[in-house]
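Report on one structure; see the data block that follows.
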Amino acid sequence: ADVFITVTNKESIWNTSDLSAHADFDHFFTKGIYCPVIRLTEIYLIAAECTLETGNTTTAIQYVNILNTRRKDALLATNASLTQIRAALRSTWQKEMNLEGNRFTCLTRWGIANQVLGAQGFQAPKNNLWPIPLDFIQNYPMLLQNAGY
């Protein structure tokens, strides 16, 4: 619970106090409250996803279970199938990183954004990328707009 309140905690890898954040950023995003940029939890999630996608299911399960233990959730079985591990990992991403602004990126990376966001008008592959702002394109004439925009 103190992850978003105190600067010195075991969860914080990099935070806004490390950035000497601009006052506007600090006020807008944190309203003057400490804001972690990278947390230990995110490192475990990245490691779990990486090891899973490179075929090391045993290590992926271990990383997911570290987080499940901390959260007092049921542990993922050591003989879980690839589908079960992937589902548990995605669920853990959603629970652990709920308000940290990376859900869309995860859904597109996993190739399931259309399933999850289709009812809200999401259309793959067009919406997998955001449009490049017009002023960027005008300032950098070699830059091409993402397809579909």
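Quick notes on this structure:
- Whichever residue in segment 88-128 is of a type in the set (Phe, Trp, Tyr) and closer than 22 Å to LEU76 by Cα and, among such residues, is least open to solvent (accessible area, probe 1.4 Å): TRP93
- Unmet criterion (only one of (1) in contact with a Gly (Cβ under 9 Å, 6 or more places away or on another chain); (2) part of a helix (DSSP H, G or I)) for GLN123: (2)
- Checking THR58, THR78 one by one, the residue that is polar (S, T, N, Q), open to solvent by 40 Å² or more (accessible area, probe 1.4 Å), part of a helix (DSSP H, G or I) and more than 22 Å from GLU11 (Cβ to Cβ) is THR58 and no other.
- Residue pairs whose Cβ atoms lie under 9 Å apart, separated by 6 or more positions or on different chains, with the first residue in segment 133-144 and at pLDDT 90 or above and the second part of a loop (DSSP other than H, G, I, E, B) and open to solvent by 100 Å² or more (accessible area, probe 1.4 Å), are ILE137/LEU144.
- Residue tally, condition over 17 Å from LYS95 (Cα atoms) and open to solvent by less than 20 Å² (accessible area, probe 1.4 Å), over segment 61-70: 0
- When restricted to residues that are surrounded by fewer than 11 Cβ atoms within 10 Å (Cβ to Cβ) and either outside any helix (DSSP H, G or I) or among the acidic types (Asp, Glu) (or both), segment 129-142 contains 6.
- Residue that is modelled with the lowest pLDDT, among those in segment 95-108 that are more than 11 Å from GLU42 (Cα to Cα) and within 10 Å of the chain's Cα centre (by Cα): LEU99
The values are calculated or read from the model by the stated rules, or taken from the named source; none is laboratory data. Everything numeric here is computed off the predicted structure, so don't read it as measured data. Backbone-built Cβ (ideal geometry, glycine too); neighbour counts: all protein chains shown. Please note that ligands, DNA and RNA were not included when accessible areas were found on the heavy atoms of the full protein model with its side chains. Shrake-Rupley method; radii C 1.70, N 1.55, O 1.52, S 1.80 Å.
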